[in-house]
Amino acid sequence: MFILYIKERKVWILFFLGLQIWLNIILTLDIAFLDVAILYINLVYIVALLIFIWWRYKKETRYYKELEESSTFDSLPKGESGFEKKITSIMEDLILVNNEELNQLKVEHLEENDRILSWIHEVKTPLTGMKLIIDAVKEYPLQKKLEVEWLRIHLLLDQQLHHTRLPSLEKDYIVESVKLQKLIHKEIKELQAWCMQKGIGFEIDLLQEEVLIDQKWLAFILRQLLTNAVKYSDVNKEIHIFSGKDEEGHTILTVKDFGSGITKADIPRIFEKSFTGTSGRNTVASTGMGLYLTKKAADKLGIRILVESEIEEGSTFTLQFPLKNEMSKIASR
């Protein structure tokens, strides 16, 4: 801060040096002054200047140091000089205005979230009616096509519902022992019509059968990974799902498909919002939101997602679950 202070006061220092040079010229021209006297006067002035600068530095920067260390509105320094008090007053007024605007935005955001949630629940009612009508359709090929389209609408609504609830995930968080096989079978059953249309089967090998996690949000993460696996898998292919432990004792769950794969250039960006990538541009069904929401939810749950992929060979998504002690820290946040 001392260097910054000197830079801020350089005009004053240059002004003093200019006066000192002018004084030296006058004293040199005056024959009554000896060289020793001139040297003595310069030395006194320079020492006085250094002492003055150090004193002002200590006094003037105390306020800014207190300002830098303040973390709340109440801890703002009051200041000693009238100028410092004026700065504090302006900052307090600005903070009050910003807080009012922020609170207004929070209220509007909550109202918008409530509106979206209400709309989603209202749309689910006709969707349920549509499902009953589809089940009553006698023509089997037509029924299956309608089921797939209905499923896509249902998945998009579910994605939007979890997107809206994601910021408040911590308020709706229950850590429990989740049986992977039961959860995975439930999510696969939801995608049954789509899987049958594409002729996709599943190979499941769960060496680690249970994990300690929030069941609802884990189901959402699995739903997104399985949806992507089915969407980008080739016709009549299999999706492999298996679990185990890594060297550090973390439970890992892997979903592997044999579809179009992801380019190496796209892998670092697949979790970015609205990023569809090379594969996503080849399908109108891609929104670029599924993996973004998956990563956001996983981060809040303490789950690490690892990705491996090769073009035309498929993709492998691995979920690394937190250890029990890590889970306790996450749950207590």
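The values are calculated or read from the model by the stated rules, or taken from the named source; none is laboratory data. The shown structure was predicted, so the numbers you read here are calculated from the model rather than taken from an experiment. Reconstructed Cβ throughout: ideal geometry from the backbone, glycine too, with neighbour counts over all protein chains shown.
So that you can scan it fast, the table gives a plain yes or no per residue for (1) farther than 24 Å from residue 2 by Cβ; (2) at pLDDT 80 or above; (3) assigned to a helix (DSSP H, G or I):
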| position | (1), (2), (3) |
| --- | --- |
| 21 | yes, yes, yes |
| 25 | yes, yes, yes |
| 31 | yes, no, no |
| 38 | yes, no, yes |
| 46 | no, yes, yes |
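One residue stands out in segment 138-172 among those that are surrounded by 14 or more Cβ atoms within 10 Å (Cβ to Cβ) and of a type in the set (Val, Ile, Thr): the one that is nearest to the chain's Cα centre (by Cα), namely 164. Annotation note: of 118, 75, the sole residue that is within 30 Å of residue 151 (Cβ to Cβ) and free of Cβ contacts under 8 Å to residues at least 12 places away in the same chain is 118. Only residues that are in contact with a Leu (Cβ under 7 Å, 6 or more places away or on another chain) and under 14 Å from residue 144 (Cβ atoms) were counted across segment 182-209, and they come to 3. Taking helices (runs of 4 or more DSSP H) as the structural unit, those lying wholly within segment 209-315 and holding at least 3 residues that are surrounded by 14 or more Cβ atoms within 10 Å (Cβ to Cβ), within 23 Å of the chain's Cα centre (by Cα) and charged (D, E, K, R) correspond to 290-301. Filtering segment 189-208 to residues that are within 25 Å of residue 302 (Cβ to Cβ) and modelled with pLDDT of 90 or more leaves 204, 205. Among the residues of segment 209-224, those identified as more than 16 Å from residue 163 (Cβ to Cβ) and either without any contact (Cβ under 8 Å) to a residue 60 or more places away in the chain or hydrophobic (A, V, I, L, M, F, W, C) (or both) are 209, 210, 211, 212, 213, 215, 218, 222.
Regarding segment 194-203, can at least one residue be identified that is assigned to a loop (DSSP other than H, G, I, E, B) and more than 16 Å from residue 259 (Cα to Cα)? Among the residues of segment 194-203, not one is assigned to a loop (DSSP other than H, G, I, E, B) and more than 16 Å from residue 259 (Cα to Cα), which makes the answer no. Taking the numbered list (1) surrounded by 14 or more Cβ atoms within 10 Å (Cβ to Cβ); (2) closer than 21 Å to residue 287 by Cβ; (3) modelled with pLDDT under 90 in turn, residue 175 passes all entries but (2). Considering only residues of segment 124-178 that are aliphatic (A, V, I, L, M) and in contact with a strand residue (DSSP E or B) (Cβ under 7 Å, 6 or more places away or on another chain), which is nearest to residue 200 (Cα to Cα)? Filtering segment 124-178 for residues that are aliphatic (A, V, I, L, M) and in contact with a strand residue (DSSP E or B) (Cβ under 7 Å, 6 or more places away or on another chain), the one nearest to residue 200 (Cα to Cα) comes out as 178. For segment 80-91, check the following and say yes or no: at least one residue is of a type in the set (Gly, Ala, Ser) and surrounded by fewer than 12 Cβ atoms within 10 Å (Cβ to Cβ). Yes, segment 80-91 contains at least one residue that is of a type in the set (Gly, Ala, Ser) and surrounded by fewer than 12 Cβ atoms within 10 Å (Cβ to Cβ).
Here's the yes/no breakdown for (1) surrounded by fewer than 14 Cβ atoms within 10 Å (Cβ to Cβ); (2) of a type in the set (Ser, Thr, Tyr):
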{"position": "10", "(1), (2)": "yes, no"}
{"position": "19", "(1), (2)": "yes, no"}
{"position": "26", "(1), (2)": "yes, no"}
{"position": "37", "(1), (2)": "yes, no"}
{"position": "45", "(1), (2)": "no, yes"}
{"position": "48", "(1), (2)": "yes, no"}
{"position": "51", "(1), (2)": "yes, no"}
{"position": "56", "(1), (2)": "yes, no"}
{"position": "60", "(1), (2)": "no, no"}
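Within the set of pairs 6 or more residues apart or between chains, which connect a residue that is β-branched (Val, Ile, Thr) inside segment 82-108 to a residue that is surrounded by fewer than 12 Cβ atoms within 10 Å (Cβ to Cβ) with Cβ atoms less than 8 Å apart? Here the result reads 88/78; 95/73, each pair linking segment 82-108 to a residue that is surrounded by fewer than 12 Cβ atoms within 10 Å (Cβ to Cβ).
Each row is one residue, and each column tells you yes or no for (1) among the β-branched types (Val, Ile, Thr); (2) over 28 Å from residue 160 (Cβ atoms).
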| site | (1), (2) |
| --- | --- |
| 293 | no, no |
| 299 | no, no |
| 305 | yes, no |
| 309 | no, no |
| 312 | no, yes |
| 315 | no, no |
| 325 | no, yes |
| 328 | no, yes |
